[in-house]
Every structure is written in C-alpha cells, then in structure tokens.
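Let me begin by presenting the structure, written as structure tokens, before commenting on it.
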Amino acid sequence: MIDFQNIVLLTRKEMLDARRNRWFLLYTIIFAGLSLGLSWMGLSGLGRYGLSGFGRTTASLINLILLIVPLMGLTLGASSLAGERERGTLLYMLAQPVSRLEVLLGKYLGVGLSLLGALALGFGLSSIMIAWYGGNQHVGQFLGLLGLTFLLGLVSLGLGMLISSTLRKADTAIGVSLFVWLILVFLGDLGIMGAAMATQMNIDHLFLLSLLNPVQIFKLATILILQGNLEILGPVGSYAVRNYGAMLMPLLVGIMVAWIPATFLLAYHFFRKRGAL
C-alpha cells in the first residue's frame, strides 16, 4: 500500500531542496529573464507595441524553450537520486518506513512541481507584459505553448531521473544528461537528415523516426499550433498532415504524455534493483 502522507512529506522536502539548489535558482532566473526579454522584443515589432501580441511572442519563445527546458529537466532529474546516493542521505531515507515507490514518487512530484513553477513564472511574466501593452490576440496559441512546455519539462525530468536511477555519482549522471541533451536538441535534426540521406529513407519512416524524439514532437506540435499546418517542414510535414489530419495533434500530445509514465516506470525498475547502492 502506498502511504500518501509519506509522498506529500517527500514532495515538500524536494520543493524545499529545490529552493536551496543554486542551479535551479539560476535556471529559473535565466528562463524568466529571457522570456521577459523575448516577449518585449516580440511585442515591440518596429517600435509599435502590441503589433502581434501573443502570436509573435509565442514564436519567439519556441527556440528558448527547445534549448532551456530539456536542459533544466534532464540535469535536475539526473542530480535527484544520484546526488543523494552519493551523499549517503538516500540510504538513510530508505531506512525509514517508506517504500522505494513512495521515495521516487515524492522526488518526481517535488522536482516536477518546482520545475513547472519556474516555467510558469517565465510565462507569467511574459503574459503580464503582453497584457500591459494590450496584445490580447492569439491567446490560445500562447496557452497551447504553455501546456506543451509543461509536458516537455516533465518528459525531460523523467529522462533525467531514469539516468539518475542507474548511476551512483551526481557528476556522472549530470554528464550523461548533458550528452542526452545534446543528442535530443542538437543532433536530432542532423541525425534524421543524415539517416535519410544515407539510407534513402521513405517519408513515412522519416516521420516515424522523428516521433522517437520528444523535442522533435514538441517542435512539430508547436508549429502545428502556430501555423495550422506543417508545410514549412516540407514533404515530411505534408505527409503527416495528409495522413493523420485532425488526429495529428492528439497523436503528438499522446506520445509526449506516454513518455512520462514510461520513463518513470523504467526509473522505478532500476531504482528498485539498485536502491541506495
């Protein structure tokens, strides 16, 4: 049986630890500051505030999110279990009357809520500036981007905790998470393009390959929200819209949602086997 009181206590502990985590505070300040700056630039246009409102701001935030959010989730998740295992505090925690599932749930919820709070702060500052200058168009696009960003953050956190569940030292876990971040963010497009050129891959296979990368899924979904189609992506985008139609967005969101329990269950599997060792 799961004791939800233990989970609540562990969640509170993780949220308090996040406030004292210098990396988390630095990530929060950077994301909030850049979100505010990009919002101002998106609203200014050619010196005319409110020209494009939410639409321009949403477009300007996408590249920031693609770079920062996966980095935040991966590194924070990677240091969660491995850090406490290295310090010996995880062994003390597991000696208490709590199960390993409760510990993992508490850590995931605590770090996850802290991460979502940091992202909400950045988006909140952006929305205040937009509202102040009267840019009230395309609110739905902005909210859609917010929801997808939350999903990307939780997926990245799950991947980070999966890495952390298999390693003992925090430095090693963070190093592996940075390598995974490079693969997801920078090598995703290049890897798909290289595979397509080397193997003469069909368009349908190329699209399915892109669905293996949550960052690519986020990019596809945000372009679909902003443009209403994926023609900007060429034949692959046209293939996706033509074959999936109205079901394309639910498909993309569903795959991102599925990443969350999948990574958590894998992390629990390795955590149950390894424990505090």
Next on the checklist: Take the residues in the stretch 94-117 that are buried (at least 21 other Cβ atoms within 10 Å of the Cβ) and hydroxyl-bearing (Ser, Thr, Tyr); name whichever of them is nearest to Leu71 (Cα to Cα).
Outcome noted: Ser114
Item to check | Test for Ile65: is it under 28 Å from Ala221 (Cβ atoms) and modelled with pLDDT of 85 or more | outcome: yes
Next on the checklist: Leu81 - would you say it is out of contact with any strand residue (DSSP E or B) (no Cβ under 7 Å at 6 or more places or on another chain), closer than 20 Å to Gly158 by Cα and modelled with pLDDT of 90 or more?
Outcome noted: no
Checklist entry - Applying the selection to the stretch 157-180, what residues are surrounded by 24 or more Cβ atoms within 10 Å (Cβ to Cβ) and basic (Lys, Arg)? => result none
Next on the checklist: Can you say whether Gly124 is in contact (Cβ under 8 Å) with a residue 40 or more places away in the chain and either touching a helix residue (DSSP H, G or I) at 6+ places or on another chain (Cβ under 9 Å) or under 25 Å from Ile2 (Cα atoms) (or both), as far as the supplied structure shows?
Outcome noted: no
Checklist entry - Out of Phe4, Phe54, which single residue is farther than 18 Å from Gly158 by Cα, among the aromatic types (Phe, Trp, Tyr) and either at pLDDT 85 or above or exposed (fewer than 15 other Cβ atoms within 10 Å of the Cβ) (or both)? => result Phe4
Checklist entry - Can you tell me which residues in the stretch 242-277 are crowded, with 17+ Cβ neighbours inside 10 Å and farther than 30 Å from Glu102 by Cβ? => result Leu248, Leu252
Checklist entry - Restricting attention to the stretch 7-47, which residues are under 24 Å from Ile62 (Cβ atoms), modelled with pLDDT of 85 or more and exposed (fewer than 13 other Cβ atoms within 10 Å of the Cβ)? => result Leu26, Gly33
Next on the checklist: Any residue that is buried (at least 24 other Cβ atoms within 10 Å of the Cβ) and closer than 27 Å to Ile7 by Cβ - is there at least one of those in the stretch 130-142?
Outcome noted: no
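The values are calculated or read from the model by the stated rules, or taken from the named source; none is laboratory data. In this text the structure is predicted, and so the values were computed from the model without any measurement. In this analysis, Cβ positions are derived from the backbone assuming ideal geometry, glycine residues included, and neighbour counts consider all displayed protein chains.
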